[in-house]
Each structure stands twice: as structure tokens, then as C-alpha cells.
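Student: This is the structure I have questions about; it appears just below.
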Amino acid sequence: MIVPQWVIEKKRDGQALAADEIREFILGFTRGEIPDYQASAFAMAVLFRGMTPDETAVLTDAMLHSGGRLDLTRIAGPKVDKHSTGGVGDKTSLVLGPLLAACGARVPMISGRGLGLTGGTLDKLESIPGFQTRLSEEQAVAVLADVGCVMIGPTARIAPADRKLYALRDVTGTVPSIPLIVASILSKKLAEGIEALVLDVKWGRGAFMKELDGARRLAAMLVATSHRMGLRARALLTDMNQPLGSAVGNALEVREAVAILTGAAGGDVRDLAIELGAELLEMTHLASNRANAMERLNRALTSGEAAMVFQRMIAAQGGEARVVEHPGLLPAAEIVAPLTAPTTGWIGAVDAERVARAAVILGAGRRTVDDAVDPAVGVDEVAGVGTRVHRGDPLAVIHANDEARCDEARRWLSGAFVFSDEPVPRPQWVTERHEGPPA
Ligand code: URA
């Protein structure tokens, strides 16, 4: 039996905790025997003092075992998933899930909602009329067996310790701690019952890791801890200084994802989905090498197979599957207003944080967990860094349902663009790759 305050004091004083101390603390907290104030103090002690790789692995395991795992024993094929640390305009999951399923992987994606400046896959999917993200585990496994891909919200059995602890961390300034982030992310991913994971660790203005160095440390610890837990994992560090792709806002992002899946559009989101997908096809030996992986993924997009999987998944989850052929069936905003270039030159920077703020002001995101989102609004056709523009050319298009919000969003958005008189190269999206030991 541990004494919670002794565990807190030990961590406060910078000592490594024993496995039993971590396990009993997490179990006691999950059962409600250890109160929120002690769990908050524990989180703050970890934030200041850190954890060793051993402690981080035990914490992850304890959080995983606070609940159950999806039972995927009857699902044939390699089960995989990707996790993104969250960005602006990041609709990659919508493309990658169906794409991987079309290549023979099975993808049980448990996703989150947007909060603050980062969007969430569940909000994007729910902009599709009728789409249900609250499936029971049995229903989710049935969709996975039938379609190869399912996208749902967390169920009550998935890492309940994380749900409780994350809510406290959110209001006690204890989110930015690498061991706490690693245990939080991996306990949920391990509970999906997957065997390989690719991590998209974002850094920059629109990411919660603003600096490359912090993102690098997080990626290394995520990969190392996954391997200790028997989960094959690789991480890409990706640049989130400018928004990803051209749309920010729920239905607008679904529209962009559909355009990529149906071959009508390319760009950064397509490239990133292929990079991330290739890591998983290699890790699971669904592809013999990188070239083979890229070829399979490209083929699944151009042949329409990935689009068909997306359509089948939407139908299986109660949604209006015709949006894949007729994106006009997605909710649309009443006001559609372009923002034009004030000068001629090259776009030198697009501040992802300002674009995200504009989208939140329009109603595309949440300021607090209880806010509702407007599925139709956001910012579309955002021109990227390196684009040559002439005065009066469109830089972005605002989709709004309210004139005052449209004006305020315009102010944020116009401050997002920086111009240069010289040509500016397009930035490298993938800045680094972290790989653990060979599978
Ligand atoms: N995302 C998570 O799921 N957990 C964290 O702690 C941070 C980001």
C-alpha cells in the first residue's frame, strides 16, 4: 500500500519512483481513492522533475491497464494507426485511414475533438450529415471487419486514467510534460490493440510544441516507449508553421480530404499521408521496401480504392456516403468572402496560429470543451509559402455564417501573411524521422 503524499514528495525531490508506486498511484486515482488535488500535485512534480524511460514505460502501462483493450482477435491483417500531436488544417487521418485499409492494413482509429487552436478528427467527420462517432466497441469492431477502417471517439473502457488525468492537466498547467504526454498518447493507442504506430510529431507556430528541439525529444521518447511496450513505432517530425493543406474548418477539410482521395487534388496532405502510410506498410511488411510502399499507396489513390473505402466507412457509420461524389452535400456557409493580396511578391510566411484563430472566431473550433462547433465555417484556399502573388490575387477565402465574425476573422487572417520581394522556397514538410530498432 502506497501513501500518495510520499509518492508526490519523492518525485518532488527528484527521485525515480518504483514501479509499484506508479501503478498504485494511477490505480488509486482511477478508482477515486486518490483525490484530484493529489493527482494534480503528482502531475506538477512530474512536470518539473521528469521521469526516466523506465518510469515513463511503467506510467504508460499503468494508464493502459486502468481500462481494457479493443478485442481485435477476429480481425485478420496487420492492425495499425497513426497519431498526430495536433495541427492546423491537419486532415491527414481522413485520407490515411482509408488509404491504409485499401492497402491491406486494418485501422481502428480512436480520435479526439478539437480544443483551442487545433482541430479534431471527430469534429471533421461529424460535419458529414448523419456520421456517428459514438459507436460501441462491438459496432466499431464490426465496421473494422467489414470496411478495414473505423473512426470513433474514446469509449469508457479506453484508458480511463488518462481521461481523468488529462482533464486535470488541462486546468493545472501540466500538459507540456514529455513523460505525461507520452503515457497519455500511448496508453490510448495501445488500448486500440494495434501492432504498429506512426507518429506525426508537429512543431512550429501552429503546434503545441513550438520548438523543433522539444518535438524531437517528444518523438524520441514516444518511439522508445512504444518499443519497450512491444509496439512497433516510427515518428516523423513535421513543420506546422503554416497550415497543412489549403482548408481549415470541419466540412471544408472533409472536402479537401475527399478531393485527395478521389485524385482531384494533390499537395502537402497527400504527400504527408503517403509518407506516413509508407512507414506503416514497411513496418508491417505489407510492402517489401519504401519504393514498393509508395507505389502501392499512390495506386490506391489513383485507382479510387481508397475513396471507395472512405465511402463505405461513412455508410457503415450512418453518414451520407454520397458526399464523396457530391461534396456539395456537405454543410456550406452563407458568406463566402475572399481575402486579397495587398501587394505583389512571394508569400514568405503564413502564420498557422493566426489562421487557426481566424477559424476559431468563425466558429470552426472550441474555446472551451462545452462549445459547439459550426461545421460549415472556416478558411479555405489558403495560399502557401513560396506562392507568387499579384496585388488583388486571392490569398484565402473566408466561409462565415455571421458578418461580425467574418470581419474579425479577416483581421486575424490578413496579419497571417508575410510577403517577400524575392522568391521564397517551399518549406520541407518532413524535417526528421525517428526510427527505433528494426522490426
Ligand atoms: N494529446 C494527448 O492525447 N495527450 C497529451 O497529453 C497531449 C496531447
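The values are calculated or read from the model by the stated rules, or taken from the named source; none is laboratory data. Keep in mind that this is a model prediction, so the values were computed, not measured. Because the Cβ atoms are built from the backbone with ideal geometry, glycine has one as well, and the counts that use them run over all protein chains shown. We work out accessible area using only protein heavy atoms, side chains counted, and drop any ligands, DNA or RNA first. Shrake-Rupley method; radii C 1.70, N 1.55, O 1.52, S 1.80 Å.
Student: Pick out the one residue from 223, 150 that is out of contact with any helix residue (DSSP H, G or I) (no Cβ under 8 Å at 6 or more places or on another chain), closer than 27 Å to residue 104 by Cβ, crowded, with 18+ Cβ neighbours inside 10 Å and not aromatic (Phe, Trp, Tyr).
Tutor: Result of the check over 223, 150: 223.
Student: Cβ-Cβ under 6 Å, sequence separation 6+ or interchain: first residue in region 260-286 and closer than 23 Å to residue 78 by Cβ and open to solvent by less than 10 Å² (accessible area, probe 1.4 Å), partner at pLDDT 95 or above and of a type in the set (Phe, Trp, Tyr). Which pairs?
Tutor: 261/310
Student: While we're looking at this one, here's another question. Among (1) open to solvent by 10 Å² or more (accessible area, probe 1.4 Å); (2) touching a Gly at 6+ places or on another chain (Cβ under 7 Å); (3) of a type in the set (A, V, I, L, M), where does residue 109 come up short?
Tutor: Answer for residue 109: the failing condition is (1).
Student: When the residues of region 184-206 are narrowed to those that are of a type in the set (Val, Ile, Thr) and within 11 Å of the ligand (Cβ to nearest atom), which ends up surrounded by the fewest Cβ atoms within 10 Å (Cβ to Cβ)?
Tutor: 185
Student: Continuing with the same structure: I need the full set of residues from region 47-61 which are open to solvent by less than 30 Å² (accessible area, probe 1.4 Å) and more than 23 Å from the chain's Cα centre (by Cα), in order please. Before the answer, list the steps.
Tutor: Let us first name the residues in region 47-61 that are open to solvent by less than 30 Å² (accessible area, probe 1.4 Å), namely 50-51, 55-60.
Matches in region 47-61: 50, 51, 55, 58.
Student: Filter region 226-249 down to the residues that are open to solvent by less than 10 Å² (accessible area, probe 1.4 Å) and in a helix (DSSP H, G or I) and list them by number.
Tutor: 226
Student: Identify, please: which residue in region 160-183 is of a type in the set (Val, Ile, Thr) and part of a loop (DSSP other than H, G, I, E, B) and is, among those, nearest to the ligand (Cβ to nearest atom)?
Tutor: Applying the filter and picking the extreme gives 175.
Student: Continuing with this model, one more query. Quick check on region 11-40: of everything there that is among the small types (Gly, Ala, Ser) and open to solvent by less than 40 Å² (accessible area, probe 1.4 Å), which residue is farthest from the chain's Cα centre (by Cα)?
Tutor: 28
Student: Any chance you could count how many residues in region 363-383 are touching a residue at least 60 places away in the same chain (Cβ under 8 Å), at positive phi and assigned to a loop (DSSP other than H, G, I, E, B)?
Tutor: The number of residues fulfilling the criteria is 1.
Student: While we're looking at this one, here's another question. In region 184-208, how many residues are of a type in the set (D, E, K, R) and assigned to a strand (DSSP E or B)?
Tutor: Within region 184-208, the first condition is being of a type in the set (D, E, K, R), and the residues that meet it are 188-189, 192, 195, 200, 202, 205.
Still in the list and also assigned to a strand (DSSP E or B): 200, 202.
Summing the residues that are of a type in the set (D, E, K, R) and assigned to a strand (DSSP E or B) in region 184-208 gives 2.
Student: Continuing with this model, one more query. Which members of region 76-100 meet the condition of being more than 16 Å from the ligand (Cβ to nearest atom), open to solvent by 10 Å² or more (accessible area, probe 1.4 Å) and either outside any strand (DSSP E or B) or within 16 Å of residue 352 (Cα to Cα) (or both)?
Tutor: 76, 77, 78
Student: Check 340, 302 and return the single one that is surrounded by fewer than 16 Cβ atoms within 10 Å (Cβ to Cβ), of a type in the set (Ser, Thr, Tyr) and in the same structural domain as residue 233 (by TED's automatic domain parsing). Show your work before the answer.
Tutor: Numbers: 340 fails: in the same structural domain as residue 233 (by TED's automatic domain parsing).
Of the residues listed, the single one that is surrounded by fewer than 16 Cβ atoms within 10 Å (Cβ to Cβ), of a type in the set (Ser, Thr, Tyr) and in the same structural domain as residue 233 (by TED's automatic domain parsing) is 302.
Student: Within region 121-144, is even one residue within 13 Å of the ligand (Cβ to nearest atom) and open to solvent by 50 Å² or more (accessible area, probe 1.4 Å)?
Tutor: no
Per-residue answers, yes or no, for (1) outside any helix (DSSP H, G or I); (2) open to solvent by less than 30 Å² (accessible area, probe 1.4 Å); (3) in contact (Cβ under 8 Å) with a residue 24 or more places away in the chain:
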site	(1), (2), (3)
358	no, yes, yes
361	no, yes, yes
385	yes, yes, yes
396	yes, yes, yes
406	no, yes, yes
419	yes, no, yes
428	yes, no, yes
